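Report on the following structure.
Any read-out appearing in this document is the output of simple, stated calculations on the displayed coordinates, not a laboratory observation. Please read all numbers here as calculations on a predicted model, not as lab measurements. With ideal geometry, Cβ positions are generated from the backbone for all residues, glycine too; neighbour counts draw on all protein chains shown.
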Amino acid sequence: MTARTRSVLIVGAGVAGMTAAIHLATAGMHVTVVEKDPLPGGRCGRFIRDGHRFDTGPTLFVMPLLYEAEFGALGVSVWDRLELRPVDPTYRLVFDDGSRLSLTSDMGAMREQLDAIEPGSFEGLQRYLKDAAPHYRVVAEKMVNREFRRPFDYLRIGALGLLARGNPLANHYRSTAAYFDEPRLKSAFTFQDLYVGLSPFDAPAILSLLSYTELAHGVWYPKGGMYSVVETLFDLARDAGVEFSFGSAVEQIETDADEATGARLLDGGKLTADVLLANADLPYVYERLLPPDEMARKLARKRFSCSAISFFWGLDRPYDDLPPHTLFLADDYRENFESIVRDHGLPANPGVYLHAPARVDDSAAPPGRDTVTAIVPVGHLSGGGQDWEERRDRAREQVLRRLRMLGITDLQDHIVFEEAYTPETWAVRHNLAKGATHGLSHTLTQMGYFRPRNRHRRYHNLYFAGASTHPGTGVPTAMASGRLAARRIVAELA
Ligand SMILES: Cc1cc2nc3c(=O)[nH]c(=O)nc-3n(C[C@H](O)[C@H](O)[C@H](O)COP(=O)(O)OP(=O)(O)OC[C@H]3O[C@@H](n4cnc5c(N)ncnc54)[C@H](O)[C@@H]3O)c2cc1C
């Protein structure tokens with residue numbers, strides 16, 4: 001039997017699952033995707049209420065070149081399929097003392113702002129970006145693009161010479177001392193580590209690639225919001241002949257001695273296939289869908305990324321002064337991360353991210369109204385003793401306090417409706433272990449070769465794709481994970 005005649009059952013219509021489905025169907029396989037939700041997308045979700053449109057997970061289209069490569073691998077151009085608009089300034093940063101910094105690729109404007117905060121620091125930024133550029137190239141070209149089946153492959157990355165500059169394995173926050181003295185600038189170019197769920201006090205300096213790509217390649221906004229990425233993948237999958245079954249939750253992946261034989265659904269139905277690919281969050285798959293084994297216990301002991309409390313507000317008036325992305329960074333930056341990562345809590349003076357998509361796409365809110373999302377990073381579920389309702393209410397107060405710093409004092413009076421997600425919501429909504437929004441953490445010992453394999457060791461026809469597998473979290477990265485898993489399946493069945 002050749003790859004062409006095989007059937008594949010994919011558990012989950014997240015970004016990684018759908019990308020894998022398209023590659024596999026294009027290779028001639030018969031692909032069925034079972035998804036517990038009524039719609040595709042998983043964490044890259046959306047809801048629309050009374051004409052207000054919210055992206056529930058991702059709000060930042062960053063690393064456009066990765067999207068370009070992943071859509072290219074699917075045979076289409078991301079620039080043709082999505083109506084992408086640059087967002088510049090990318091963010092407005094607001095510090096505790098009320099000072100502001102608009103991150104922009106306009107280097108003249110950056111010079112003026114940086115030198116006002118710390119004389120000479122623009123030169124530091126130029127060196128920082130120069131050192132970060134090879135970090136970006138190594139990760140985008142060498143790490144995201146391939147699997148690591150042998151430790152040597154991973155270690156060799158460090159020997160590529162590309163990493164010679166900037167000491168990529170040093171502690172990220174500490175390494176910024178070589179470029180800036182001013183703590184506000186150190187935080188301005190390290191907070192992006194949170195995108196992969198990490199504290200800059202734990203992260204390797206290689207993650208400077210994140211602030212580099214934002215300034216070098218831009219932050220973009222797809223018309224219709226991030227969910228338009230999901231809609232595009234869904235269209236491509238259906239065009240390729242992929243079959244979807246929504247509202248079909250898998251209760252168990254069925255196995256015999258050394259292979260997966262199919263899936264038992266919550267409604268009692270059974271499905272069989274030659275090959276299974278699990279896109280649901282990997283630690284959840286091992287813990288809840290597979291027979292208990294040592295790997296499930298090992299995964300539970302690994303480090304997990306942080307989580308978030310998100311507020312989705314429909315407002316009865318527009319707040320035109322709110323740019324698309326605003327980030328409040330706290331002076332007690334280290335304490336903030338310690339309370340998230342070590343204590344799994346809500347910091348006393350948390351950082352806050354605000355997203356006002358109607359500033360860049362007026363279809364996000366009805367005329368005369370506004371759509372605003374506030375995200376407060378918090379720790380993940382830690383197995384008890386966390387009162388998330390109390391934390392949610394405290395987080396809301398902190399967001400409103402921060403808004404007052406901008407002179408916005410009446411927002412709470414204009415909230416027509418609110419939806420709020422806590423780590424408990426993320427856990428239940430998307431079956432995420434510990435409610436960790438970015439899955440397994442991305443420390444050096446949990447990346448590359450050390451990230452869990454995309455094939456089960458014992459059940460040789462059971463594969464994995466998604467944020468907790470290689471390469472890791474993020475929409476384009478999840479696409480890469482789906483592509484790598486599909487490539488392995490096709491190669492192993494050929
Ligand atoms: C709050 C938040 C903000 C983020 N911000 C950004 C950002 O700005 N930019 C960015 O690039 N990335 C961002 N991310 C990360 C990004 O959303 C994820 O890394 C990516 O969407 C993960 O896709 P995935 O396919 O791996 O997993 P998932 O989206 O989790 O897909 C798994 C799918 O499996 C389904 N499933 C689970 N269990 C079962 C079952 N038993 N039976 C059937 N189906 C099941 C789920 O419903 C889901 O559809 C953010 C994530 C969150 C949560």
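Take the alpha-carbon centre of region 181-219, take the same for region 473-494, and report the distance between them in whole Å.
Rounded to whole Å, the Cα centres lie 27 Å apart.
Working out 0.36 nm times the residue gap between K130 and K298, then minus their Cα-Cα distance, what length gain in nm do you get to one decimal?
56.6 nm
In what sequence, highest mean first, do 340-346, 408-414 appear when ranked by Cβ atoms within 10 angstrom? Let's see the in-between values first.
Numbers: 340-346: 18.7, 408-414: 14.0.
Averaged packing, sorted descending, gives the order 340-346, 408-414.
How large is the convex hull of the Cα atoms of region 295-402 per residue, expressed in Å³ as a whole number? It would help to have the intermediate numbers written out before the result.
Working: hull volume 14.1 nm³, N = 108.
Taking only Cα atoms, region 295-402 has a hull volume of 131 Å³ per residue.
Return the distance in nm (one decimal) between the two label points of a simple spin-label model at E123 and T272, each offset 7 Å from Cα along Cα→Cβ.
7.3 nm
Roughly how compact is the chain, stated as its Cα Rg over 2.2 N^0.38 Å to two decimals?
Compactness ratio reported: 0.95.
If packing is taken as the mean number of other Cβ atoms within 10 Å per residue, what is the order of 301-308, 114-121, 453-460, highest first?
Result, highest mean first: 301-308, 453-460, 114-121.
Compute the length gained on full extension between R174 and R111: take 0.36 nm times their separation in residues and subtract their Cα-Cα distance, giving the result in nm to one decimal.
Difference between extended and current length: 20.4 nm.
If packing is taken as the mean number of other Cβ atoms within 10 Å per residue, what is the order of 422-435, 98-111, 197-210, highest first?
197-210, 422-435, 98-111
What is the calculated FRET efficiency for R288 to D393, with r their C-beta to C-beta distance and R₀ = 41 Å, to the nearest 0.05? Let's see the in-between values first.
Values: r = 31 Å, r/R0 = 0.75.
The calculated FRET efficiency here is 0.85.
Looking at this model, which pairs from K142/K302; K270/K302; K142/K223; K223/K270; K186/K298 are more than 28 angstrom apart at the alpha-carbon?
K270/K302; K142/K223; K223/K270; K186/K298
Using amide H atoms built 1.01 Å from N in the peptide plane, name the residues 5+ places from G351, or on other chains, whose amide H lies under 5 Å from its own.
A330
Once the Cβ-Cβ distance between R334 and F246 is put in as r, and R0 is 51 Å, what FRET efficiency do you end up with, to the nearest 0.05? Don't jump to the answer; show the numbers that get you there.
Values: r = 44 Å, r/R0 = 0.87.
Step by step, r from the Cβ atoms, then E = 0.70.
How many angstrom lie between the C-alpha centres of region 44-59 and region 298-319?
Going from one Cα centre to the other spans 13 Å.
Specify, per residue and in Å³, the volume enclosed by the convex hull of the alpha carbon atoms belonging to region 392-494. Please report the intermediate quantities before stating the final value.
Numbers: hull volume 16.5 nm³, N = 103.
Hull volume over Cα atoms, normalised by residue count, gives 160 Å³.
Give me the percent of DSSP beta bridges within the chain that run antiparallel, rounded to the nearest 5.
Within the chain, antiparallel bridges account for around 70 percent of the total.
Taking H as built 1.01 Å from N, whose amide H comes closer than 5 Å to the amide H of L277, not counting residues under 5 places away?
For L277, whose amide H was placed from the backbone, the distant partners under 5 Å are L9, I10, V11, Y463.
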